[in-house]
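For reference, the structure is listed below as structure tokens.
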Amino acid sequence: MTDFFARLFEGRSSNSQTPAVFAGGYGAAAGLAMLCLLLIAPPLLAQVDDETRVLISFELPYQESRGRYREPFVAIWLETAEGKPRSSIKVLYNRARWLPDLSDWWEVLGFKATHRLDAMSGATRGPGSFVVEWDGLDSADRELEAGDWLLAIEVARQHGGRESLRVPIQLHMGEFSAEANGSGEELGRVKVLVLENDGTESP
């Protein structure tokens, strides 16, 4: 940040001799104006600088099935480190009437989230590897506290099995990655990658 303001007042870019936007005798004044803007508008700048992206990848193994193969329903949600449910993240389904089959999720969050499902839902998927991107906010778009959490994922398939798994993660504590393996029947490997941009590094 110190180097940033130094470049503003000097009116030159950091990697060349080409004058920056504030060159031509207005560098100091423009730099001072920018400093004032930074001081009076911290919420806006914090919103831009503190960006969280969470990539959740999971595998749905193929299972032999009598009759037509039914694509599984999938629910992903967040729990506290003590296992208390906090917020739904993603639900993949095709008919709402079968959502209670995701019993772990339904009993703690699903039954009261039906009016918000459109914002977090997606179509069911066949066997394969898939990635869900999450912005690190709860279902009401509120920022979550920094610290340890559990990411829970549950898979349920009509005329098939049901399986759930939890992966410990950290939010707002720097970059983080973790993975866990399911049984290989309804759920395979689950990986979580947390990317944090706190504004301390140049792009």
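Assorted remarks:
- Each residue, Q63 and A140, gets one label point 7 Å from its Cα in the Cβ direction; the gap between the two is 3.6 nm.
- Full extension of the chain between F111 and R166 gives 17.8 nm of extra length, using 0.36 nm per residue less the Cα-Cα distance.
- Among V91, V192, a tally of other beta-carbon atoms within 10 Å of each Cβ gives an order, fewest to most, of V192, V91.
- Stokes-Einstein diffusion of region 81-174 at 37 °C, 0.692 mPa s viscosity, Kirkwood radius from Cα pairs, rounded to a whole number: 227 µm²/s.
- N181/R97 FRET efficiency (R0 30 Å; Cβ-Cβ; nearest 0.05): 0.45
- 11 Å beta-carbon shell around W77, net charge (K/R +1, D/E -1): -1
- Ranked packing of 167-180, 135-148, most packed first, by mean Cβ within 10 Å: 167-180, 135-148
- Sorting the segments 183-189, 72-78 by their residues' average number of neighbouring beta-carbon atoms within 10 angstrom, most packed first, yields 72-78, 183-189.
Bear in mind these aren't lab numbers, they're just calculated from the coordinates by the rules spelled out. All figures in this text were calculated on a predicted structure; none of them were measured in a lab. All Cβ positions, even for glycine, are placed from backbone atoms using ideal geometry, and neighbour counts span all protein chains on display.
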